[in-house]
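Nothing in this text is a laboratory measurement; each read-out follows from the coordinates by a stated rule. The shown structure was predicted, so the numbers you read here are calculated from the model rather than taken from an experiment. Neighbour counts run over all protein chains shown; Cβ positions are idealised from the backbone, glycine included.
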């Protein structure tokens with residue numbers, strides 16, 4: 001594309017066809033005359049087209065196609081597998097059950113400590129573990145222990161496992 005300087009141009013660049021201004025009035029009038037003469041737009045539609053349009057559209061939409069659904073899991077197979085798994089778990093529990101009875105000697109001292117520290121127990125629960133001879137009120141009232149001797153005992157016996165076992 002050539003770039004020309006605007007001050008050197010001698011024409012405006014717009015041109016009108018020959019005899020345009022003398023013919024334009026005749027062309028406009030002839031076009032208006034033709035529009036008056038032609039009443040039909042040129043496009044035709046069948047009779048009762050708009051009355052049947054909705055029913056035609058709905059009939060095509062309403063046709064349901066049956067689609068074959070392929071499930072991811074066959075429920076019969078899932079039931080069989082779960083039954084086999086339940087049987088295996090039951091067999092392991094029955095045949096490999098270690099029937100070890102728990103005694104006070106088999107318990108670890110740490111588990112007893114944890115129970116005493118973490119459980120909320122009342123004095124009634126502790127009293128139910130003691131016999132009547134151990135709960136004799138005279139044993140508690142006749143014995144006077146000074147604070148110093150109690151502190152010395154606790155400092156000497158710092159191992160809590162020994163205190164629990166006594």
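With a Förster radius of 30 Å applied to the C-beta separation of residue 106 and residue 145, the computed FRET efficiency comes to 0.30.
The simple spin-label model puts a point 7 Å past each Cα toward its Cβ; for residue 27 and residue 119 those points are separated by 11.0 nm. Counting neighbouring Cβ atoms within 10 Å and putting the fewest first, the residues 81, 40 line up as 40, 81.
Going by neighbour counts of Cβ atoms within 10 Å, the residues 20, 96 line up, fewest first, as 96, 20. Here the label points at residue 54 and residue 92, each 7 Å from Cα along the C-beta direction, are separated by 6.7 nm in the simple model.
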